[in-house]
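The values are calculated or read from the model by the stated rules, or taken from the named source; none is laboratory data. From a predicted model like this one, the values you see are computed outputs, not experimental measurements. Backbone-built Cβ (ideal geometry, glycine too); neighbour counts: all protein chains shown.
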């Protein structure tokens, strides 16, 4: 005998799929609408308190609205960062010779060892400047030292890093 909850969802799906699919087609296009329709019902099914929802069709519509907004935001974000035609399979990676790869890894190991060997405040100043992109003033405030001391720490760090790479 089928579970009453699954029967309710099947019936809810049967009654609401067309309206939701039409809405999603208008919002995200026909190629993505069926995926978002499926996700709408998956999210509803996962809700433990779904049985207490007063108006299930309206609740499903709200899920679909939220999903279409998320989809539009993601599409806009992707459009800012991806150039059409630059699909991963379209981009050829230059072949890296094993010896060049080994040399690069060796340089990275030596640089990391040099950074780890720095005195604590010097290392902290270097990391804040190079990896957190903080200004000298911000570093000085965080470390409780003068701006001149920050500059001395950074000079020492750079000297040691250069020496490690030579």
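Miscellaneous remarks
- Considering (1) surrounded by 10 or more Cβ atoms within 10 Å (Cβ to Cβ); (2) farther than 26 Å from residue 26 by Cα; (3) modelled with pLDDT under 80, the lone condition that residue 50 does not fulfil carries the number (3).
- Failed condition for residue 15, given (1) in the same structural domain as residue 150 (by TED's automatic domain parsing); (2) modelled with pLDDT of 90 or more; (3) surrounded by fewer than 16 Cβ atoms within 10 Å (Cβ to Cβ): (1)
- Residues being under 34 Å from the mean Cα position of the chain (by Cα), more than 27 Å from residue 109 (Cα to Cα) and assigned by TED's automatic domain parsing to the domain that holds residue 110 are represented in region 144-164 by at least one member.
- Residues that are surrounded by 12 or more Cβ atoms within 10 Å (Cβ to Cβ), over 17 Å from residue 160 (Cβ atoms) and touching a helix residue (DSSP H, G or I) at 6+ places or on another chain (Cβ under 9 Å), drawn from region 105-146: 134, 135, 136, 138, 139, 140, 142, 143, 145
- Hey, residue 69 modelled with pLDDT under 90, in contact with a helix residue (DSSP H, G or I) (Cβ under 9 Å, 6 or more places away or on another chain), assigned by TED's automatic domain parsing to the domain that holds residue 18 and part of a helix (DSSP H, G or I) or not: no
- Residues that are without any contact (Cβ under 8 Å) to a residue 24 or more places away in the chain and either farther than 17 Å from residue 25 by Cα or not in a helix (DSSP H, G or I) (or both), drawn from region 53-66: 53, 54, 55, 58, 59
- For region 22-44, the set of residues classified as buried (at least 17 other Cβ atoms within 10 Å of the Cβ), more than 10 Å from residue 68 (Cβ to Cβ) and at pLDDT 90 or above consists of 37 only.
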